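Here is the structure we will look at.
The values are calculated or read from the model by the stated rules, or taken from the named source; none is laboratory data. Only a predicted model underlies this, so the values are computations on that prediction, with no experimental measurement involved. Glycine also receives a Cβ, built like all others from the backbone with ideal geometry; neighbour counts cover every protein chain displayed. What goes into the accessible areas is simple: the full protein's heavy atoms, side chains included, and nothing from ligands, DNA or RNA. Shrake-Rupley method; radii C 1.70, N 1.55, O 1.52, S 1.80 Å.
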Amino acid sequence: MAFFFEVVLGGLLAGVLYSLVALGFVLIFKASGVFNFAQGAMVLFAALTLVRLTEWLPFWAAFAVSCLVMIALAWVIERVVLRHLVNQEGIILFMATLGIAFFLEGFGQTIWGSDIYTLDLGIPKEPSFILESIFDGGLLVDKLDVFAAVVASALVLGLALFFQKTKVGLALRAVADDHQAAQSIGVPLDYIWLIVWSAAGIVALVAGMVWGAKLGVQFSIALVALKALPVLILGGFTSVPGAIIGGLLIGMGEKLSEVYFGPIVGGGIENWFAYMLVLVVLLFRPQGLFGDRVIERV
Amino acid sequence: MFYRENGQFKTSYAADQAIFPILLDRIAIMAILLVAFLVVPLVATQYVYTGILIPFLILALATIGLNLLTGYCGQVSLGTGAFMAVGAYAAYNLVLRLPGMNLLVAFALAGGISALVGVLFGLPSLRIKGFYLAVATLAAQFFIDWVFIRIKWFTNYATNATAPELLLFGLPLDSAMRRYLVTLAIVVVMALIAKNLVRGATGRAWMAVRDMDIAAEIIGIRLLRTKLIAFAVSSFYCGVAGALWGFMHLGAWEPLTFDVNRSFQVLFMVIIGGVGSILGSFLGAAFIFAVPILINQVPAALGVPISTALSSHLEAMIFGAMIIFFLIVEPHGFARLWQLGKEKLRLWPLPH
Amino acid sequence: MAEDLGRTRGPTDMDPTLPDTLPKLLVRNARDMADRCAMRAKEYGIWREWTWAAVLTETRAIAAGLAASGVGRGATIAIIGDNRPHLYWSICSAQMLGAVPVPIFQEANAAEMGFIIDHADIDLAIAEDQEQVDKLLAIRSRHGRPRTIVYKDGRGLTDTAGSGLISLDALRQLGAAQPETLDSAIAAGQGGDLSVLLYTSGTTGAPKGVMLSHANVIAAAQGAISFDGLTARDEVLAYLPMAWVGDYLGSYAQSLVAGYCVSCPESGATLLADLREIGPTYFIAPPRIFETLLSDVTSRMASAGPLKRRLYDGCIALAQRVGGKILEGGPVALTDRLLYRLADAIIYGPLRNALGFSRVRRAYVVGDAIGPDVFRFYRALGLNLKQSFSLTEASGFVCLQQDATVRADTVGVAVPGITLRIELGGEIQVRGDGTFLGYHKDPAATEAAKTADGWLRSGDTGVLDPDGQLRVIDRAADIGRLRDGTRFTPKLIETRLKFFPYIKEAVAFGDGRDHVACLLDIDTGAVGGWAERNGVVFSGHQELAGRAEVYRLLADCVEAVNRDLAADPAQAGQGIGRFLILPKPLDADDGELTRMRKIRRMVIAERYAALIDGLYSDRDHVTLNTRIAFDDGRVTVLEADIAIHTIGRTS
Amino acid sequence: MTDKPRISEEVLLKVDSISLSFGGVRALSDVSFDIRKGEIRAIIGPNGAGKSSMLNCINGFYHPQEGRITYKGRERQRMLPYEAARQSIARTFQNIALFKGMSTLDNIMTGRLLKMRRGLFWQALRVGPAAREEIEHRAKVEEIIEFLQIQAVRKMPVGRLPYGLQKRVELGRALAAEPDLLLLDEPMAGMNVEEKEDMCRFILDVNEQFGTTIALIEHDMGVVMDLSDRVVVLEYGRKIADGTPDEVRADQRVIDAYLGVQRVE
């Protein structure tokens, strides 16, 4: 029993990390209707920037500079790509972000190098035991995972405040509802896009930081994006809570299936389990668990 | 500029609907085929066959396959690599377990098996569209990757699958030239078939679904059936391409040959070459295939050798930039540029 | 009394065994060239072809149907519609029976058409579709004829089904039940029989029915064929109105004699595309067509990129310099020859292809004079375009230019079988086998058209050059003198003006006046395109025609023409002094143009009298407030304040 | 126009007290009417009266929550759009729904897909029966192209055509299916006077020449009165009048609801 909860808890904590990446997707999709396939590449790029900067600067300064770099990146993407593709079909924008993803991966590794870099956040590696009073011997958790969960929660809270309380946040929500209407009431689209892509960039930086600390900063971080996709579909493209809950569900399901189902079929199923799960969900709820239902009109 | 079409009038629908209704185009395509079948074998070297022509042709075939699905039917797929893998392993197992099977039959059956798998993963297209579907096809990619890594039966309990000695109608395909000619013949025939499909009833149904699925349904097109046919045909092409990749190009391969990067590569070929164009599939394949070769060769030729890592990063950057460039400037790729150029040439010197 | 300057080119190379009627020619072709393509029509997206044998079968079927509905020798039958195979066959069917086909301009309104139906005593009309049938029904209610209306396309006619309305298919069914007496009817035909009644819409007065016999037409066809060496391998596009003598000869009679294939375009809207597809080898067209094509090319090239435009301009300049000479085999420097070759590969050849002229061996301007610059443009491009002089009353061509001696100011030498002379007053007179039988029901006019010694008066003045080339000056009636005695030749001035793509029509006045003045009609498309490029805003034709910018544009054109005129000693002194732009386009439906788009000077002078008075006053604008009563009974009030531009004064 | 002999008393389609709502919004409530074989039936009403919803119910795009639709004597249960097409119901859309990436010819050819029988194999080879079939249907389509006088734009991509011509091509696509019942959703919306006249002519010709039963939605009252044999008037999803154009024009409720108010398009 304790082992089961341990697996669940581990899954949930891993799920938080998926949620972090998915959150970046949702931010951009909600505000601009763009399915940003480059989110994973942004995570990689942010992590590389951060880790290489820490070689020169103290951590906080490196983090701050990385933030600026991500904002600059958002600006460039808006200038060079998005503004030329306004009013294009979603699928075209999607493919454009595929291009951005490839470019960023190549670019990041060209300037920052493509070795494996370790990022030390000063969190002890050895796991700790919690809930010893309930379970015999307690549950084993990774301190870093706990840290990630805390950071993610803080980030979500911050974003929620930003969207609910600030003027920019309100404008963003207007844009998410209706592009044209928002433009006609005087919300400049390019400005909005810059804000969301910057926000997504910072989310990517945080995700990159946590993932980097966990796995080391290397190319495979970009593939985290692929992990986050099923999360998105499960949660719906437009729902922030969906992204979080979806991430938790996927993380949990993945771990459980790996532990209980994996050995039967030969292991290594975490690569596809989430996908197959969402495929089944999609067949019944095409808009995901929390997505908006689309009514087709003639 | 070169077109002289006066007097080329059509007296039958068959002539009017021919693939190349303009005389000059017919001459050009004949010339290209002549060069490919007769001149190339006279001049090409081993490297040209194995390093350029054979892989290019096979990738063009896979691109046609994906183009049928994405370009004509509007269903984006990121699972091309998986369907190629199915084809490759199916052909491997067929030849392994049914010795003496004709190679062409094995390829065709491999395509058929891939088509079945394609239909299976196409089922969600009934309910989901656009990038939702793209993500769903990733499921196929990862699942199938896993199958061929973990389920050892498929690889006959070896890490790599190795193609047997190739015999076609008793003729050993032991030289690169022979493999090239066989590959070329298969690709030409399948390209022709693809062209026939897209300009016939099936192709029109696909394009109707792509352009406006609601209207398509209202004129009596059954969406699921049409999409599944597209998945099946597309996967058939990818499957055959996969089998050719394994047998004709590599000889021995590991599952990673057909991973998600292969899917992206083929998708890029579609985008750059031209969404919804058979000709574009060749152009796109040629371009995407040529870039890495150039990145490797040009700096070396200029005396600034670059590392493998850097060249692969440069490659990614160039692909990414090209994709963005094309989507902004000409979302329909080389094929559209080609077509526009041709229209201009037909009207030249008049501008429109 | 008249000085005979003409020389006869004897019909030496003509075939004496040639059948003497057009239906007999068809029978001959069906026998000798049974499987050769005789007719081609774009229908339902592809070109359907009929061999000579098939054409004979079709024609006989219609003839039998006509016979069954009572058409016999001497009857007249109206043929109304676009160029379609079955209408050509209907012409021949009527002729098989000894009846007389009367093709009528398909655009004619009910009044014009009614006049002809009544005048020619037409009892049966073969019409294309509902549009024509509706007009015929209206005519029937007024004139009591035609009693029988045969239609090809029954669409929209189900409600109107009634007595005397029958489809062409049904007509053929009628014939199927009839015994075959056609062969004897065909055999009974003779060369002297009336073959067709062509109503000339004429630039003056009511239409007159020109009666041409089979012998007339066959002689004329032979003349043109032997002149140009036309054979059964030539290709012709039938697109000009069937009621016009040029089409009757070019698309019908000459095809029967030479055995070449005639292609009918799909519709008016697809004409240019169909022209490109067919690529005729023999092409005749009124100046209007060449002018329109050139305007189109010019205005399209104006929107080309700067590089391409410079290349094009350079090539055209080269062509203007040497193209004509090369075509005529004149002496040209080797470098120019090579450059021309190169330009031919990259500009002229493609342009000819784009226009549908790649395969043209002979092209003629017919029916009216063409502006010398337009003419030179096509020659320079390498199109073997030549001028001609034709008269309906002489069954078509009188003069054609020979390949080697093409000049912008002549119309060529007499066609084989034709003799020319210039009467003392300068009038061109013609004699030959093509000379018509007379005007239908108008002996007085017939009398007036022929001289006492049997020569046909053309009504045009001209000069015969020593080498036998005819130069047409103008319609005798139009030539006048300015008050100072300078000779005034309006058509010459007008064709020069029409070279500019912006000017669609021009009408010059000056007889008995101090100076020449013009009414100009702008080409909405070309001027509209110019306006768009130059940021001139306009909402419609009338506003465009009134813009000061457009006036300035046209003033430049007029001044250029004045310079040309001044440079030519023969024309000096008739420079244009003042002009204005008409607020509404000249229109054949309003009777201002003939159906072949020639201007009707008298009608225009009368209708726009107020404007002409303004031109010869010292005012700089004139108010037009005219009630215009049209032939078909419509009355329109035209109100406009129109500016007058005086050349040499900036407005 | 009202007593054309070709209209039989036979009812082709009967709509029996149907109601349709989306969430809480009622689009149609308790609407009943019938369409007789061979007639031109107009459905009119102010914006938002539920006219398009009505057409959508008839061709199976929406499924009314209550009521019955009887077509060709058979009551239908939850029919899907493609099934409606299979039973010879064709339609056009208010906002043109052409396949933008295809030529005029191919767009109209799609209208004949249901009639094409050859399988994938023959199509792939494009020999024998498949080639013949392709040509037979091309010939049919060419008749429609000629009928609608769009020969000049036959091979042009429809996206490049002016609006009026696109509407014509869309009608062509519907006609290609040789429908028994043709639904036209504002066939003349956004056209100038000349284009409207042409379209009217085409609609009448279709009805006359092919005997096609037509149900159309139209705003232009003049057009409706000229074209239609009978008119249904809807307002706020309810039927307020039904009859010949003259009867409807005289109906006080119609005058109040619709005709009395000058519409500004």
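Counting only helices (runs of 4 or more DSSP H) that fall entirely inside segment B:178-248 and contain at least 3 residues that are touching a residue at least 40 places away in the same chain (Cβ under 8 Å) and touching a helix residue (DSSP H, G or I) at 6+ places or on another chain (Cβ under 8 Å), the qualifying elements are B:201-211, B:223-244. The residue of segment C:239-269 that is nearest to C:P23 (Cα to Cα), among those that are within 14 Å of chain B (Cβ to nearest Cβ) and open to solvent by 10 Å² or more (accessible area, probe 1.4 Å), is C:P265.
A count restricted to segment A:208-228 and to residues that are under 23 Å from B:Q141 (Cβ atoms) and touching a residue at least 40 places away in the same chain (Cβ under 8 Å) stands at 11.
Only residues that are at the interface with chain C (Cβ under 7 Å from one of its Cβ atoms) and open to solvent by less than 40 Å² (accessible area, probe 1.4 Å) were counted across segment B:6-22, and they come to 5. Across segment B:252-269, a minimum of one residue is classified as touching an Asp or Glu at 6+ places or on another chain (Cβ under 9 Å) and open to solvent by 50 Å² or more (accessible area, probe 1.4 Å).
No other residue among C:R496, C:R483 is outside any helix (DSSP H, G or I), open to solvent by 10 Å² or more (accessible area, probe 1.4 Å) and basic (K, R) apart from C:R483. Does C:A304 fit the bill of being in a loop (DSSP other than H, G, I, E, B), touching a Pro at 6+ places or on another chain (Cβ under 9 Å) and away from chain B (no Cβ under 14 Å)? No: the conditions fail for C:A304. Enumerate the pairs (first residue in segment D:211-239 and assigned to a helix (DSSP H, G or I); second residue anywhere and of a type outside the set (A, V, I, L, M, F, W, C) and open to solvent by less than 10 Å² (accessible area, probe 1.4 Å)) with beta-carbon separation below 6 Å, excluding pairs fewer than 6 apart on the same chain, so at least 6 apart or on different chains. Pairs that qualify, where the first residue is assigned to a helix (DSSP H, G or I) and the partner is of a type outside the set (A, V, I, L, M, F, W, C) and open to solvent by less than 10 Å² (accessible area, probe 1.4 Å), are D:V224/D:E218; D:M225/D:P245.
Condition (residue is more than 7 Å from chain B (Cβ to nearest Cβ) and of a type in the set (D, E)) applied to segment A:78-98: is it met by at least one residue? Checking segment A:78-98: at least one residue is more than 7 Å from chain B (Cβ to nearest Cβ) and of a type in the set (D, E). Restricted to segment C:206-271, the set of strands (runs of 3 or more DSSP E) holding at least 1 residues that are at pLDDT below 95 comprises C:208-213. Just one of (1) surrounded by fewer than 19 Cβ atoms within 10 Å (Cβ to Cβ); (2) more than 7 Å from chain B (Cβ to nearest Cβ) fails for D:K100. It is (2).
So which residues in segment C:506-537 are open to solvent by less than 10 Å² (accessible area, probe 1.4 Å) and among the acidic types (D, E), if there are any at all? First the steps, then the outcome.
So the first thing to find is which residues in segment C:506-537 are open to solvent by less than 10 Å² (accessible area, probe 1.4 Å), and the list is C:506-508, C:510, C:516-522, C:526-528, C:531.
If the condition is that a residue be open to solvent by less than 10 Å² (accessible area, probe 1.4 Å) and among the acidic types (D, E), then C:D521 is the only one that fits.
The residues in segment D:115-148 that are touching a residue at least 24 places away in the same chain (Cβ under 8 Å), at the interface with another protein chain (Cβ under 9 Å from one of its Cβ atoms) and surrounded by 19 or more Cβ atoms within 10 Å (Cβ to Cβ) can be counted, and the count is 4.
Among the residues of this structure, D:Y236 does not count as one that is surrounded by 15 or more Cβ atoms within 10 Å (Cβ to Cβ), at pLDDT below 85 and of a type in the set (S, T, Y). Restricting segment B:142-163 to residues that are within 8 Å of chain A (Cβ to nearest Cβ) and among the charged types (D, E, K, R), which is surrounded by the most Cβ atoms within 10 Å (Cβ to Cβ)? Per the stated criteria, the residue is B:D145. Among the residues of this structure, B:L279 counts as one that is among the hydrophobic types (A, V, I, L, M, F, W, C) and surrounded by fewer than 19 Cβ atoms within 10 Å (Cβ to Cβ). Residue check: D:A27 meets all listed conditions (1) open to solvent by 20 Å² or more (accessible area, probe 1.4 Å); (2) over 19 Å from the mean Cα position of the chain (by Cα) but one, namely (1). Take the residues in segment B:308-343 that are within 14 Å of another protein chain (Cβ to nearest Cβ) and among the aromatic types (F, W, Y); name whichever of them is farthest from B:V270 (Cα to Cα). The extreme case among them is B:F325.
So that you can scan it fast, the table gives a plain yes or no per residue for (1) touching a strand residue (DSSP E or B) at 6+ places or on another chain (Cβ under 6 Å); (2) open to solvent by 20 Å² or more (accessible area, probe 1.4 Å); (3) part of a strand (DSSP E or B); (4) of a type in the set (G, A, S):
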{"site": "B:V95", "(1), (2), (3), (4)": "no, yes, no, no"}
{"site": "B:M101", "(1), (2), (3), (4)": "no, yes, no, no"}
{"site": "B:V105", "(1), (2), (3), (4)": "no, yes, no, no"}
{"site": "B:A110", "(1), (2), (3), (4)": "no, no, no, yes"}
{"site": "B:V117", "(1), (2), (3), (4)": "no, yes, no, no"}
{"site": "B:I128", "(1), (2), (3), (4)": "no, no, no, no"}
{"site": "B:Y132", "(1), (2), (3), (4)": "no, yes, no, no"}
{"site": "B:A140", "(1), (2), (3), (4)": "no, no, no, yes"}
{"site": "B:E165", "(1), (2), (3), (4)": "no, yes, no, no"}
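Taking segment C:241-269 as the range and being out of contact with any strand residue (DSSP E or B) (no Cβ under 7 Å at 6 or more places or on another chain) and either of a type in the set (S, T, Y) or within 29 Å of C:L437 (Cβ to Cβ) (or both) as the test, the residues that pass are C:P241, C:W244, C:D247, C:Y252, C:A253, C:Q254, C:L256, C:V257, C:A258, C:G259, C:S267. Within segment B:298-307, is even one residue of a type outside the set (F, W, Y) and either farther than 30 Å from A:D115 by Cα or within 13 Å of chain A (Cβ to nearest Cβ) (or both)? Yes, segment B:298-307 has at least one match. Residues of segment D:103-114 that are more than 7 Å from every other protein chain (Cβ to nearest Cβ) and hydrophobic (A, V, I, L, M, F, W, C): D:L105, D:I108.
Look at segment B:103-129: where a residue is within 14 Å of chain A (Cβ to nearest Cβ) and a partner is of a type in the set (G, A, S), sitting 6+ places away or on another chain with Cβ atoms under 6 Å, you get B:F121/B:A140; B:P124/B:A136. What are the residues in segment A:76-94 that are touching a residue at least 12 places away in the same chain (Cβ under 8 Å) and surrounded by 14 or more Cβ atoms within 10 Å (Cβ to Cβ), if any? Of everything in segment A:76-94, those that are touching a residue at least 12 places away in the same chain (Cβ under 8 Å) and surrounded by 14 or more Cβ atoms within 10 Å (Cβ to Cβ) turn out to be A:I77, A:E78, A:V81, A:L82, A:G90, A:L93, A:F94.
Looking only at segment B:216-251, filter to residues that are touching an Asp or Glu at 6+ places or on another chain (Cβ under 9 Å) and hydrophobic (A, V, I, L, M, F, W, C); which one of those is surrounded by the fewest Cβ atoms within 10 Å (Cβ to Cβ)? Only one residue fits best here, namely B:L223. Taken over segment C:47-96, the criterion of being assigned to a strand (DSSP E or B) and more than 21 Å from C:V257 (Cβ to Cβ) is satisfied by C:W47, C:R48, C:T76, C:I77, C:A78, C:I80.
Pairing each residue of segment C:363-382 that is more than 18 Å from C:G246 (Cβ to Cβ) and open to solvent by 30 Å² or more (accessible area, probe 1.4 Å) with any residue that is at pLDDT below 90 and outside any helix (DSSP H, G or I), provided the two are 6+ apart or on different chains, yields C-beta distances under 8 Å for C:D373/C:F499; C:R376/C:A408. Does any residue in segment C:519-547 that is over 21 Å from C:V558 (Cα atoms) come within less than 8 Å, Cβ to Cβ, of a residue that is exposed (fewer than 14 other Cβ atoms within 10 Å of the Cβ) six or more places away or on a different chain, and which pairs are these? What qualifies is C:R533/C:S303.
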